[in-house]
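One structure is given here, and the rest of the page talks about it.
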Amino acid sequence: MELLIMAYALKTSCAKNIIGVIPYFPYSKQCKMRKRGSIVCKLLASMLAKAGLTHIITMDLHQKEIQGFFSFPVDNLRASPFLLQYIQEEVPDYRNAIIVAKSPSAAKRAQSYAERLRLGLAVMHGEAQCSESDMADGRHSPPCVRNTGHPGLELPCKQQAPFPGIELPIMMAKEKPPITVVGDVGGRIAIIVDDIIDDVEDFVAAAEILKERGAYKIYIMATHGLLSADAPRLIEESAIDEVVVTNTVPHEVQKLQCPKIKTVDVSMILAEAIRRIHNGESMAYLFRNITVDD
């Protein structure tokens, strides 16, 4: 809201260009429809355009297709060069490491890292048995009696078909197997890569599985370290050796609670993007060596 109000104030003051620097774009995970939910990213894009913004600089959108929601240019910078440099300089014996995708959906990003570091790739599949996404939330429990407005004419649920004589097929519930690892991590350093680390339960469960499979060190590389709720405590008590995030989101308090959290500074690339836009220079230099799946 503060950003929208400031942008609108600049618009009403006849500013020629209004450029928003939003390193972590909020609600970026809500970029597609789940069941019948709202696509919040589209709403935010419309609000920013209506408030008067003419350009946005951001970093590692959850899905690159989010840029299509905007009616003005979006520069989606990448943090991967900084994280790759950290791996090469700060991870001892990184040549003995293997890049791990926490889920099949993160496999493309992990493959991009593995190819540039010339390392192997492992993919984790399945989920913990007590997953939040499948908890009962009331969506599958409609009332068994529909009131038609006339007393004595209530119909039971089984008669509420849209057309008489037609029955909808039974929807099969999604069932994923327990977490398994595709790839050999025995005696290796496991480096899990992702774009956002917020609720760390999945990462902690993945680290335990990797430890059981023989990985002797576990690193997590992520661009946006939200680390909400009691994430620092869970990381400190887990098998994770180090969590490396960039400073797109402030996390000084979390670092005080957990010394395993390390920060990579990406302010340099943001400052260069601002300078190039201000001077009307090409932005292509900032996207060199960036792969399609990054």
Any idea how many residues of the stretch 232-252 are touching a residue at least 12 places away in the same chain (Cβ under 8 Å) and more than 26 Å from Ile19 (Cα to Cα)? 12
Given (1) loosely packed, with under 15 Cβ neighbours inside 10 Å; (2) assigned to a helix (DSSP H, G or I), index of the condition Ser282 fails: (2)
Flagged in the stretch 90-117 as surrounded by 13 or more Cβ atoms within 10 Å (Cβ to Cβ), of a type in the set (Ser, Thr, Tyr) and in a helix (DSSP H, G or I), in numbering order, are Tyr94, Ser112, Tyr113
Of the residues in the stretch 42-68, how many are assigned to a loop (DSSP other than H, G, I, E, B), open to solvent by less than 60 Å² (accessible area, probe 1.4 Å) and within 23 Å of Val193 (Cβ to Cβ)? 3
Could you identify the single residue in Ile269, Ile240 that is within 19 Å of Ser80 (Cα to Cα) and hydrophobic (A, V, I, L, M, F, W, C)? Ile269
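Please count how many residues of the stretch 1-33 are assigned to a loop (DSSP other than H, G, I, E, B) and open to solvent by less than 70 Å² (accessible area, probe 1.4 Å). Walk me through how you get there before you give the answer.
To start, the set of residues in the stretch 1-33 that are assigned to a loop (DSSP other than H, G, I, E, B) comprises 1, 13-18, 23-33.
Next, only the ones that are open to solvent by less than 70 Å² (accessible area, probe 1.4 Å) stay: 15, 18, 23-26, 28, 31.
Going through the stretch 1-33 one residue at a time, the tally reaches 8.
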Residues of the stretch 188-204 being assigned to a helix (DSSP H, G or I) and within 17 Å of Ser105 (Cα to Cα), which ones? Asp202, Phe203
Modelled with pLDDT of 90 or more and within 30 Å of Gly20 (Cβ to Cβ): does that describe Leu117? no
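Kindly indicate whether Ile39 is surrounded by 17 or more Cβ atoms within 10 Å (Cβ to Cβ) and aliphatic (A, V, I, L, M).
It is false that Ile39 is surrounded by 17 or more Cβ atoms within 10 Å (Cβ to Cβ) and aliphatic (A, V, I, L, M).
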Looking at the stretch 54-74 only, could you name the residues that are touching a helix residue (DSSP H, G or I) at 6+ places or on another chain (Cβ under 6 Å) and not small (Gly, Ala, Ser)? Ile57, Ile66, Phe69, Phe70, Val74
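The values are calculated or read from the model by the stated rules, or taken from the named source; none is laboratory data. Computed from a predicted model, the values in this text were never measured in an experiment. Every residue, glycine among them, receives a Cβ derived from its backbone with ideal geometry; neighbour counts consider all protein chains shown. The area values use the complete protein model at the heavy-atom level, side chains included, leaving out ligands, DNA and RNA. Shrake-Rupley method; radii C 1.70, N 1.55, O 1.52, S 1.80 Å.
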